[in-house]
Amino acid sequence: CIGAAISWAFGGFDAALAALVMCISVDYISGSIVALVFHKSSKSESGAYNSMYGLKGLCKKGLMLLFVLVAVQIDRLLGTSYVRDAVCIGFCVNEILSIVENLGLAGVPLPKAVTKALEQLQSKK
């Protein structure tokens, strides 16, 4: 019953939502590894893990999921099916950028095309 209610609230558990949940999870885990193992987190002065920043990160990801709930309701209101998917895709792109950044901080060699694209995206911020 609870699972069905959650699935209904999120507009079903399809590829877009599955990708978003996976990206959120991988970003949080990779960011935690960067802080716990490599002590290179950009969130703390020492680069080490800080539970307050971890909690803030989880809260941000929770807020992203709440926004997906809002997008579902907008789709229902408008009789469309693309607002939720667009929100999921947008958040996925943001999470993927963060994952790539975490990989770089961990010393994982990145292809030059990826690093150039990241530099361009960061300069546009």
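The values are calculated or read from the model by the stated rules, or taken from the named source; none is laboratory data. None of these values were measured; they are calculated from a predicted model. Positions of Cβ are backbone-derived with ideal geometry, glycine not excepted, and every protein chain shown enters the neighbour counts. Calculation scope for accessible area: heavy atoms of the full protein, side chains included, ligands and nucleic acids excluded. Shrake-Rupley method; radii C 1.70, N 1.55, O 1.52, S 1.80 Å.
On inspection, Lys60 fails the criterion of being of a type in the set (Lys, Arg), over 17 Å from Cys23 (Cβ atoms), in a helix (DSSP H, G or I) and out of contact with any Asp or Glu (no Cβ under 6 Å at 6 or more places or on another chain). The condition (being open to solvent by 60 Å² or more (accessible area, probe 1.4 Å), at pLDDT 95 or above and not acidic (Asp, Glu)) is satisfied by just one residue among Leu63, Leu17: Leu63.
Can you tell me which of (1) assigned to a helix (DSSP H, G or I); (2) buried (at least 16 other Cβ atoms within 10 Å of the Cβ); (3) over 16 Å from the mean Cα position of the chain (by Cα) is the one Val87 doesn't meet? Result: Val87 passes all but (3). Evaluation of Lys43 against the conditions (1) over 15 Å from Leu17 (Cα atoms); (2) surrounded by fewer than 11 Cβ atoms within 10 Å (Cβ to Cβ) shows that the sole unmet condition is (2).
Checked against the criterion of being closer than 26 Å to His39 by Cβ and assigned to a helix (DSSP H, G or I), segment 108-115 contains one or more residues that satisfy it. Considering only residues in segment 11-42 that are assigned to a loop (DSSP other than H, G, I, E, B) and in contact with a helix residue (DSSP H, G or I) (Cβ under 6 Å, 6 or more places away or on another chain), the one that is nearest to Leu55 (Cα to Cα) turns out to be Ser41.
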